[in-house]
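Written below as structure tokens is the structure these notes are about.
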Amino acid sequence: MHDFCFTLPYGFVVLIGGVFGFLRKGSTSSLLGGAGSGLLLLLAGKLSLGAYHNGQNSWFAIFLETVVSLALTVVMGQRYKTTGKFMPPGLVFFIGWPFDVSPEGVR
């Protein structure tokens, strides 16, 4: 399975979560963090999909999605550990950790 198969849906979930957090609680940090991270994941997924259609690998896309996913996993994992709330930190942590712990990621 190719990385963009996971990166694109993950990016949409993070983006929608950031926008939803902003609309629901007025949290600009949710908007900036969630929407920014989601857009970066979507960009990485699009780059990877384009490279796949050209019969190539996009090492930049793999690097970008790994860095963004690792940052989200660390930040949201710490927040989940501190607050014990599943939404949204636990959800983002549990969706994102396979990107970070697999020897090949999900690539």
### Query
Among the helices of the chain (complete DSSP H runs), which have Cα atoms covering no less than 20 Å along the helix axis and a Kyte-Doolittle mean of at least -1.0?
4-25, 36-53, 59-83
### Summary
Per the rule of 0.36 nm per residue minus the C-alpha distance, extending Thr28 to Leu70 adds in nm 13.0 nm
### Summary
Cα-only Rg/Rh for region 3-94 with Kirkwood Rh rounds to 1.03
### Message
What does the extension gain come out to for Arg79 and Trp59, with contour length at 0.36 nm per residue minus their alpha carbon separation?
### Response
4.2 nm
### Query
Taking Cα centroids, how far is region 33-66 from region 82-98 in Å?
22
### Query
Reachable lysines from Lys25, Cα under 22 Å, same-chain residues fewer than 8 places away excluded?
Lys81, Lys85
### Message
Run the Debye formula on the Cα coordinates of region 43-99, all scatterers equal and no solvent, and tell me log10 I(q)/I(0) at q = 0.12, 0.19, 0.26 1/Å.
### Response
-0.36, -0.66, -0.89
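Throughout, read-outs are computed from the coordinates displayed, never taken from laboratory work. These figures come from a predicted structure and were not determined experimentally.
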